[in-house]
1. Residues being more than 14 Å from the ligand (Cβ to nearest atom) and under 18 Å from residue 170 (Cβ atoms): count how many of those fall in region 106-123.
2. Being modelled with pLDDT of 95 or more and within 13 Å of the ligand (Cβ to nearest atom) is the requirement here; does residue 274 meet it?
3. Need the failing condition index for residue 80 against (1) closer than 23 Å to residue 222 by Cα; (2) surrounded by fewer than 21 Cβ atoms within 10 Å (Cβ to Cβ); (3) within 15 Å of the ligand (Cβ to nearest atom), just the number.
4. Going by the structure shown, is residue 273 assigned by TED's automatic domain parsing to the domain that holds residue 251, hydrophobic (A, V, I, L, M, F, W, C) and closer than 18 Å to residue 200 by Cα?
5. From the list 186, 158, which one is modelled with pLDDT of 95 or more and within 19 Å of residue 312 (Cβ to Cβ)?
6. Which members of region 247-261 meet the condition of being away from the ligand (no atom under 11 Å from the Cβ) and within 21 Å of residue 224 (Cβ to Cβ)?
7. Buried (at least 19 other Cβ atoms within 10 Å of the Cβ), not hydroxyl-bearing (Ser, Thr, Tyr) and not in a loop (DSSP other than H, G, I, E, B): does that describe residue 256?
8. Six or more apart or on different chains, Cβ atoms under 6 Å: show the pairs whose first residue is in region 310-339 and more than 14 Å from residue 191 (Cβ to Cβ) and whose second is of a type in the set (Ser, Thr, Tyr) and modelled with pLDDT of 95 or more.
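The values are calculated or read from the model by the stated rules, or taken from the named source; none is laboratory data. Only a predicted model underlies this, so the values are computations on that prediction, with no experimental measurement involved. Every residue, glycine among them, receives a Cβ derived from its backbone with ideal geometry; neighbour counts consider all protein chains shown.
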Amino acid sequence: MMRRRETGTRRGFLKSAAAASAAVTTLALSPETEAAVAALAADDGPNDKVRIATVGMGIIGFEDTSCALKVPGVELVAAADLYAGRRQRVKEVYGDHVDVCVDYREVLDRKDVDAVLLCVPDHWHAAMSIAAMKAGKAVYCEKPMVQSVDEGPAVIAAQKETGAVFQVGSQYASSIVMDKLRDMIAAGAIGKVNVVEARYNRNSSLGAWQYTLPLDASPETVDWDRFLGKAPKRPFDATRFFRWRNYRDYGTAVAGDLFVHLLTGIHHAVGALGPEKVAAMGGLRYWDDGRDVYDVILSLLDYPKTDAHPAFTVALQCDFEDGGGDATAFRFVGDEGVISTDLSSLKLDRVGIQWPTPEQELKGYNSVKTFSQAQQDAIAAKLAIAAKLAREPNKPPARTAYDGPETFAPPPGYDPRFDHFVRFFTSVRKGEPVYEDAVFGFRAAAPALLCNQSLYESRMIGWDPKTMKVTG
Ligand SMILES: NC(=O)c1ccc[n+]([C@@H]2O[C@H](COP(=O)([O-])OP(=O)(O)OC[C@H]3O[C@@H](n4cnc5c(N)ncnc54)[C@H](O)[C@@H]3O)[C@@H](O)[C@H]2O)c1
């Protein structure tokens, strides 16, 4: 079930949570998160911990685990990973008492694990999510929820059947910047939204997924066969294991990895279910290192009118060789204004549609001055009569009475990932509905994956955002 969140009326942000644990006092918290953290801290006791285990202790496995542990009442008891060096690192970072294993099913079998964080490559998301929910665990699964569109219904069904707390880990859904956008749009700040532009550009080798391989990578330190899972069998390849995003067998290319964040933010801000037409173009233009995915993609996604929003078109871009160093940015365009954000600041420009004065119509950049003098005189007379009758010849449409703030910034150091985990553990402890559940997660992932299909097949793809089915 989807939950809409209020951001509260206070515009200031508090630097510490009075009732929360010492671990969160250094975080910048929104008032809402501060209250949720205090409520979780109140439930925290030595016999009342939420015990977690993380599957996949790679880059985000460590990020997510450390972030989750800042939430009061959360304890790490186990972790699973296929590379020996990362299992070793778990003990170095979190302590020798944390159990480590290779096979994730050992984690699911443990009675002392309440919740699992699934931080594995994309081709494992659906299978592990379903297995974990069926094992009675609460699940925080990293984005994108599925590697392919046909995996979505089974994950949704598993959440429905088990009643599990299942949250997808795309933290833009919990960002206070996205909340602010949503509230401003709902209050009429930009009038009727007609276009959303968003980009997620990069300009570095690490940004383009050329992560460093460990020097001890070998079939002895890596469980290669287990990694492959449903992917085609092939001999051990350390580059494929440590840079799996570069290969379609394991990852979801740039769109699955990054458009899903942009779409999550857009769906949250506008209350959208998804597009009905998806088209994409791009190619491999710079990082030609053996990968079988592209590094530049531009997509157009057409959203139909719903009760929540008018029809609008989304233009998305990921460019991994943006030499200008351009990063993430959104522009929500409406007929009364535009909200721009790079997620560290937000700005509203409210100009609206311009209508000419009689002077501009007669003498400005317009057709009138090219007409015969007789025509110009006749039009001038018509405009004068209209002015006398106090009628505007080109009457602009009524505008919304938005008078809210024109800029907004989250506090320095603000991290939406923490808000996202606070929501997850609030659902785990208090049974509150999950916001970014399997349905929301699939509605964000599927259009991103359809961008891949469109690019690979050079055609537009049809999608029914309500029934969540490909239509052509
Ligand atoms: N929400 C975000 O901001 C964000 C950011 C980065 C990555 N992610 C997502 O997190 C996931 C992991 O990305 P990453 O960059 O950390 O990758 P990574 O390669 O750094 O780590 C993946 C880890 O999973 C382990 N693994 C693979 N298959 C496994 C299996 N069957 N059982 C147990 N462990 C297994 C590997 O050994 C590896 O250590 C991806 O789905 C990615 O899209 C999300």
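1. Summing the residues that are more than 14 Å from the ligand (Cβ to nearest atom) and under 18 Å from residue 170 (Cβ atoms) in region 106-123 gives 1.
2. no
3. (2)
4. no
5. Within the list 186, 158, the selection yields 186.
6. Of everything in region 247-261, those that are away from the ligand (no atom under 11 Å from the Cβ) and within 21 Å of residue 224 (Cβ to Cβ) turn out to be 247, 248, 249.
7. So residue 256 fits the description; yes.
8. Here the result reads 316/299; 318/200; 321/286; 328/200; 330/341; 331/340, each pair linking region 310-339 to a residue that is of a type in the set (Ser, Thr, Tyr) and modelled with pLDDT of 95 or more.
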